[in-house]
1. Of everything in the range 334-358 that's open to solvent by less than 10 Å² (accessible area, probe 1.4 Å) and in contact with a Ser or Thr (Cβ under 6 Å, 6 or more places away or on another chain), which residue is nearest to LEU286 (Cα to Cα)?
2. Of everything in the range 171-200, what is assigned to a loop (DSSP other than H, G, I, E, B) and either in contact (Cβ under 8 Å) with a residue 60 or more places away in the chain or open to solvent by 30 Å² or more (accessible area, probe 1.4 Å) (or both)? Give them in sequence order.
3. Name the residues in the range 102-138 that are touching a residue at least 60 places away in the same chain (Cβ under 8 Å) and over 35 Å from the mean Cα position of the chain (by Cα), would you?
4. Enumerate the pairs (first residue in the range 74-101 and of a type in the set (A, V, I, L, M, F, W, C); second residue anywhere and open to solvent by 40 Å² or more (accessible area, probe 1.4 Å) and part of a helix (DSSP H, G or I)) with beta-carbon separation below 6 Å, excluding pairs fewer than 6 apart on the same chain, so at least 6 apart or on different chains.
5. Within the range 286-295, identify whether any single residue is in a helix (DSSP H, G or I), free of Cβ contacts under 8 Å to residues at least 40 places away in the same chain, β-branched (Val, Ile, Thr) and open to solvent by 50 Å² or more (accessible area, probe 1.4 Å), and answer yes or no.
6. Only one residue in GLU239, GLU261 is out of contact with any strand residue (DSSP E or B) (no Cβ under 8 Å at 6 or more places or on another chain), among the acidic types (Asp, Glu) and open to solvent by less than 60 Å² (accessible area, probe 1.4 Å). Which one?
7. Suppose the filter is of a type in the set (D, E, K, R) and within 25 Å of GLN118 (Cβ to Cβ); does GLU157 pass it?
8. Which residue pairs have Cβ atoms closer than 8 Å, lie 6 or more positions apart in sequence or on different chains, and pair a first residue in the range 240-259 that is over 18 Å from THR225 (Cβ atoms) with a second residue that is of a type in the set (Phe, Trp, Tyr) and surrounded by 14 or more Cβ atoms within 10 Å (Cβ to Cβ)?
Amino acid sequence: MPAKAILISIGDEILYGQTLDTNSHWISGELDSLGIRVMKKITIGDTREEILHYLEESENLADMVLITGGLGPTNDDLTKPCLVEYFDTHLERNQEMLQNIQKLFEKVGREMSDLNEQQADMPANCTPIPNTLGTAPGMWFERNGKVIVSMPGVPYEMKRMMQETILPKIKEMFTGDNIYHRMIRTIGIPESVLAQKIKDWEDSLPKHIKLAYLPTMGSVKLRLTTSGENEATKKEVQEQIDKVLPQIEKYVYGFDDEEIEEAIGRMLKDKGLKLAVAESCTGGFLSHKITSVPGSSAWFHGGFVPYSNELKNEQLKVDKKIILEQGAVSEPVVLALAENVRKEFNADVAVSISGVAGPSGGSEEKPVGTVWIGYSDKDKTVAKKFQFTKDRGINIQYSAIAALNMIRINLDKN
C-alpha cells in the first residue's frame, strides 16, 4: 500500500493572512512525484496545545508528518519545545549544527547571539538535518515505522533541505503508488461549457482513469490521473487525449506544465516572429508574464506602458481627436496602439490593452472591468471588447491572459 502523508504548517502569520503558505503546495507536488498520497494539509498557530494535538492525530493517521514553521530563535517559535515534549526527550547542543550556524554568520560578517547559538540545541532522539541556507536546522524523528520531520518555514531553506536530505530518505523508506498524471490545458472556455462539450467522452473513460477539472485564472486544466507509470499506461492515457482533442482543439494551448505565456513563446519562436506590446491598464503585467519565460528575448522585442493619454499620443501617435471623442478605453485607440507599437518596435506581432481596471473610473457606458484588447500583424489589425470583474487585481490578470490568448488565436490562423 502506498505511503500517506500529512502536512502541518505552523505560524500565526499564515492564519492572519500576512504570509501565504506556498510550502505545503510545493511539498505536495514533490510527494506526488514519488507516488505518496497527501491526506491532509493542516494550518495552525503558534500554540502549544494545538501543535501537540495535531502531532498526535497526524502520527496516528499517516506514515509521515511533515511540519514547516516555528523554528526561529525567539520565544514565539514553539515547534522545537513542543517536539521535545511530544517525544519525551531533552535538548543537547549539536556541535555540527553549531559549526554550520557559525560558518553562515562568518560568511555574512555578522556576530552570533546567544539565541542563534541555541538553535543548535537539538532534541536528543532526533536526527538533525543541516540547513545550508539558514540558521534553523531541521529535525527527523522515527518511531514505530513512522517519520515526523520538522523544517523551517522559509521556503528556500525548506526546499533545499527537502531536496538534499528529506526526499531521498523518504524515497528509501517508503513505497509510492507511481501515480501518473497528464494535463490538457485549455483557455477561453468556461468550466461548465467545457464539461458539457466533453460529457460523452468523460462518461466513457475507463474507471481507472480519473478526470479532474482544475479552473484557474482565465483557463481550465483537465487532469487525467491513473496508477502506474509504464509504457502501456502512458499509451492508454494518450489514446484518451487523442479522442477528446478534436472536440476542444481550438481551446487547447498546451499540455502538462506549460503555461500560456510559454505556449505563446513556443509558437512565436517556431514561426520566427517577434512580439511587442502596448499595455495601459495592466501597467506592465503582461510584459512581466512574457519575460518570466526563460529565453523570451528570442521572440519578445519589448513593451511600452502608455498609461497617460499624453503618452499614447506623443509616443505611439494615437490621434488626440480619437482619444477625446472615443475615450482611451475604446476600439479605435487599441487598434492604433497595437498597429503603432508593432511598427515602432519593428515587431511582427503586437497586442495592446486599455481598460477600466477599477475600483474607480467606471461609467454607465464603460463600467469597471471594461477592457479593449487589440492585435496587429502584417495582414490585419483587430480588436475585441471584454467585460471582467469589479476587482482591480483580477482585471489586470484577466486582461493579460486574454491578450495572450488573442495572440494564440491569431497565430493559429496564420
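1. ILE353
2. Result: PHE174, THR175, GLY176, ASP177, ASN178, GLY188, ILE189, PRO190.
3. Once the filter is applied, which keeps residues that are touching a residue at least 60 places away in the same chain (Cβ under 8 Å) and over 35 Å from the mean Cα position of the chain (by Cα), the range 102-138 yields nothing.
4. Close Cβ pairs satisfying both conditions: LEU78/ARG48; CYS82/ARG48.
5. yes
6. Numbers: GLU239 fails: open to solvent by less than 60 Å² (accessible area, probe 1.4 Å).
Only one candidate qualifies: GLU261.
7. Criteria met by GLU157.
8. Matching pairs, first to second residue: GLN247/TRP201.
The values are calculated or read from the model by the stated rules, or taken from the named source; none is laboratory data. On a predicted model such as this, the values are computed, not experimentally measured, just so you know. Neighbour counts are summed over all protein chains in view; Cβ atoms, including those assigned to glycine, are modelled from backbone coordinates with ideal geometry. Accessible surface is based on the protein model in full, side chains and every heavy atom, while ligands, DNA and RNA are left aside. Shrake-Rupley method; radii C 1.70, N 1.55, O 1.52, S 1.80 Å.
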